[in-house]
Structure formats: structure tokens, C-alpha cells
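Single-structure report; data block below.
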Amino acid sequence: MAGSFAGSVGIGLPCSTKLSHTTTSRSSRFHRVKMAVTLDEKKNFTLKKSEEAFNAAKELMPGGVNSPVRAFKSVGGQPIIIDSVKGSHMWDIDGNEYVDYVGSWGPAIIGHADDEVLAALAETMKKGTSFGAPCLLENVLAEMVISAVPSIEMVRFVNSGTEACMGVLRLARAFTGKEKLIKFEGCYHGHADPFLVKAGSGVATLGLPDSPGVPKAATSETLTAPFNDLSAVESIFNANKGEIAAIILEPVVGNSGFIPPKPDFLNAIRKLTKENDALLIFDEVMTGFRLSYGGAQEYFGITPDLTTLGKIIGGGLPVGAYGGRREIMEMVAPAGPMYQAGTLSGNPLAMTAGIHTLKRLKEPGTYEYLDKITSELVEGLVAAGKKAGHAISGGYINGMFGFFFTDGPVHNFEDAKKSDTAKFGRFYRAMLEQGVYFAPSQFEAGFTSLAHTSEDIQHTIAAAEKVFKQI
């Protein structure tokens, strides 16, 4: 298993960050975008056009955005309005250029606007953009997902991670005949009512413990425990014997920042679910095809009963999926009685982008390269922060990472909340001016891609060294 951790966050898994000759030659084929100017040459930073556009947006859309974290509420300052992306870089409407570590919140693992994916999409669009009927591309992507992800024997495509988690919960309840669900504090599984309990992510960013408008009845069967706290889970099972349908979790938390599981935590959870006749659901919307080609379940060697996917499997287009054991999935309509449907599910554009993205990820050296550049980034950031006298810790696994303004260790959402979020906001805004775009919240993981270069990483670390001295 590749991947390791810097600072005091993480489980210290061994890794090798050396690239083989195969990996090096392979990585050279990716489109590389160089910074137009160096750190010392940067033009005057302005967000005048972004400010004008955002002010107009606030009159048209709630808060000026279509997803809350984009409004920069937790970091302050002016949200940037993006004009274009390519490779590992993005440009806003003021002409500012950034090295991007958000990657559209995970999908852009082979880089933004990849030439091969765009060419394939152009060909597919000649045949139409949506059929509302079966297409052969669904078979192709389904076969790729089933062959890659250990738990999946059948798969249902949907249009978002939220929709995937809604469907998988209904399926778990239908299959088990039980209603109660265990989730973990700070884990986000989309904005469906049953999941908006101590949900992390955008909910944490806004400082809301849950959301108004969610009926008590919708969450009354949702039970929560701290991540990495096995005794708390055992207590819930003991207090609700024979009533738990499933446990759902992010195997590596990405919606409270980057928080990996403790050694044997996932193994113990798997054992508990089997002993209590409950299903284990891995929400791999973030980790799927990112920690390894087979996701977190392949990386950690733990096979759940059901899995949700999204982001990467659509190559940047709207997509989601849930899948698992055949006997469970055959309860989904029209094969079985558990109803779920979607107009744009399996549409040819998302299937095409997903197919070509997964083909690239399957090439030799992919995850070794992600491990190499992400280790350079996290170790460089943590070292620079400590050198400047800041409390900081961080970790990573291949193409997923995070850092906290606290000494750590960070094992759950309560630990994450000890971070100096005001300092993170100052750091964030200053890094934007240096041409680096991180997720605009202390409580979000970051992502690298195959398009990121050592030059990108060195630019980022140099910028951070400068900013750490300022804040």
C-alpha cells in the first residue's frame, strides 16, 4: 500500500515514494501547465471582476452560489469566479492563475479538461447528450467498476453522491427489514434528510449542527458515534439489539478535513456488523478510485456489503453510483421491489468521461505518482509551518490529503475542531494571492492529480513559506 502521513495525523502506513522508470516516462505524457509567472514576478492581485460578478449572483441565487462552501463563509474574503481550467491550473475572471488542489472536489484526478476525455466527449455528443433509454456505454462503465471495486457485483448509476447515498440507505433498510442507521460525526453523505445529523462538510462550514427543515422523524433512526471510537459503536449496538440496518462511513473522512482510520478500526467495524446482522456501507464518493484503483476497500483490504461512488467515475460530469453484493442489488427495481429511478442516470456523456478517466487510472505507475507528489506537498507544507512556529499537522494517502492548524493527532471531528480556523482563513486568503487554491474550509480534504508537477508542488511550498511568516 502506498501512502503515508506527515506530522501527527494518521496511522503511519508504510510507503515508497520512489518512482520507477515506467512511472516517470508514463507521467510525461500528461498535459503540463506551467505557471505563467513566478512567485516573485506575480502581477498585482485583484478580484474586482469576481466581486462584481458575485454581488450580481447574490441577487440571483441564495448566497450567490449553488453549493454553500463556495461562498467562502469559513475563510472570509471575496469568493473567486472561475473562468477556465486546464491540467492542474485554473484561471479566474480577473486573469489570476492558481495551482488547484480542489480538482472540482475530487473528480479531476487526471487533470482538468484532459485532451483525450474532451475528444471522446466531442465524439459522443455527435450522437446526442441524453437518451432517457439504455445505451451501450452504461455496460462498459459498469463492467469497469465491477472489475475494480471488490464489493461490487452489480451497480446502479445515478447523478450525484447524494442520490447514491439516498438509494443505498433505502436499499439497506429494504434488504434487512430494519430501519436504524449508524453514521459517524463529521462524515457527510449528501444532503438527504436522514444524513444531516452531525454531518461535517458544508454543514460544519456554516456552523450548523444540522439543518432547519429536516423533520425529527427523518433523523430519529439515525444514530451517531465519533469516528475511530469503536467502544461508542459497540454501545449503540448493545442499546439497539436487532434494530440496526447498517453502518455507513467514509473509510477515510474527507468532510471534516483529511482523517484516516486508526489501525484495525475498519476491521473491527466489519466484524461488528457481521456479528449483529447489519450491513456495512462504504461511502467512497471521495475515496473511490483515488486511494487506489479499487478504492479504500482495496487499499485497506476491507470489503463492505455496499459501496457508494461518484466524482471520479464521471470524469468531471455529474454522476453517482451504488453497488454491492448481487443478492442485495437484485432488490433494486425493476429486478426487485425497492424503487429508485433517474431521468439522466447513465447518460452517455458521464459514461464516456468516466470510461476514459478510469482507463487512464489503470495505467501502470498512476498511484505511485500520486503518492510521490502528494507526499512532497504535505511534508513540505507541514515542515514549513513548523519551521515558522505554527501548530500544524497533516496527512495523505496517494491523491488525497489534508492539514490542520493544530498539533494533533486528529482522529475525529472533535479533534479537527481544535484547529485554529481563524488562522486557516488568513492562510487561505494569503495563499490565493500567491496563486494557490486550496479548499475554502479547514474541514475539507484536498486533492492532487496526475497533472500536478514537481514545479507545482515547489511553487506551493515556496508560497506557503512566505505566507507562514506573514500570519
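The values are calculated or read from the model by the stated rules, or taken from the named source; none is laboratory data. What you see is a predicted model; the values in this text were computed from it and never measured. No Cβ is skipped: glycine too gets one built from the backbone with ideal geometry, and neighbour counts run over all protein chains shown. Remember, those area values only see protein heavy atoms, side chains included, never the ligands or the DNA or RNA. Shrake-Rupley method; radii C 1.70, N 1.55, O 1.52, S 1.80 Å.
At Ala217 and Glu275, where each label point lies 7 Å from the Cα along Cα→Cβ, what is the point-to-point distance in nanometres?
Going from the Ala217 label point to the Glu275 one covers 3.5 nm.
Note down the relative contact order for the chain as a percent, whole number, built from C-alpha pairs under 8 angstrom at least six residues apart.
Once normalised by length, the contact order is 26 percent.
Quick one: accessible area per residue over the chain, 1.4 Å probe, rounded to a whole number of Å²?
Spelled out: the 1.4 Å probe surface of the chain, per residue, equals 40 Å².
Take every DSSP beta bridge with both residues inside region 140-279 and express the antiparallel ones as a percent of the total, to the nearest 5.
The antiparallel fraction comes to roughly 20 percent.
Between (i) 0.98; (ii) 1.03; (iii) 0.95, which matches Rg/Rh (Cα atoms, Kirkwood Rh) calculated for the structure shown?
(iii)
Give the ranking of His390, His189, His356 by solvent-accessible surface, highest area first, calculated with a 1.4 Å probe.
In descending accessible area the options line up as His356, His390, His189.
If you take the square roots of the eigenvalues of the alpha-carbon gyration tensor of region 94-207 and sort them as a ≥ b ≥ c, do you get rounded (a/c under 1.5), prolate (a/b over b/c) or oblate?
The shape class here is oblate.
Roughly speaking, what is the stretch gain from Leu136 to Glu52, that is 0.36 nm per residue apart minus the C-alpha to C-alpha distance, in nm to one decimal?
25.8 nm
Of the heavy-atom accessible surface of the chain (probe 1.4 angstrom), what whole percent is carbon and sulfur?
53 percent
If I stretch the segment between Ala388 and Glu327 completely, what's the gain in nm (0.36 nm per residue apart, minus their alpha carbon distance), one decimal?
Full extension from Ala388 to Glu327 adds 16.4 nm.
Which FRET efficiency, nearest 0.05, do Glu59 and Ser104 yield, Cβ-Cβ r, R0 30 Å?
With R0 = 30 Å, the Cβ-Cβ based efficiency is 0.70.
So in region 114-359, what percent of DSSP beta bridges are antiparallel if you round to the nearest 5?
Of the beta bridges lying entirely in region 114-359, close to 45 percent run antiparallel.
With 29 Å as the limit, write out which pairs from Lys126/Lys359; Lys58/Lys469; Lys372/Lys469; Lys49/Lys387; Lys48/Lys466 have Cα-Cα distances beyond it, or answer none.
Lys58/Lys469; Lys49/Lys387
When Lys and Arg each count +1 and Asp and Glu each count -1, what net charge do the other residues less than 12 Å away from Ala335, Cβ to Cβ, add up to?
Charge balance near Ala335 sits at 0.
So if R0 is 22 Å, what FRET efficiency would Ala341 and Asn66 give, r being the distance between their Cβ atoms, rounded to the nearest 0.05?
Here the calculated transfer efficiency is 0.40.
For Asn255, list long-range residues whose amide hydrogen, built 1.01 Å from N in the peptide plane, is under 5 Å from its own amide hydrogen.
Tyr188
If you add up the charges near Ala439, with Lys and Arg at +1 and Asp and Glu at -1, over every other residue whose beta carbon is less than 15 angstrom from its beta carbon, what do you get?
So the environment of Ala439 carries a net charge of +3.
From Cα pairs below 8 angstrom and at least 6 apart in sequence, can you work out the relative contact order of region 114-359, rounded to a whole percent?
About 31 percent, as a whole number.
What are the aspartates and glutamates whose alpha-carbon lies under 14 Å from the alpha-carbon of Lys241, with same-chain residues fewer than 8 places away excluded?
Reachable aspartates and glutamates: Glu179, Glu221, Glu275, Asp277.
Near Asp407, within a Cβ-to-Cβ distance under 10 Å, what is the net charge of the other residues, with Lys and Arg +1 and Asp and Glu -1?
So the surrounding residues net to +2.
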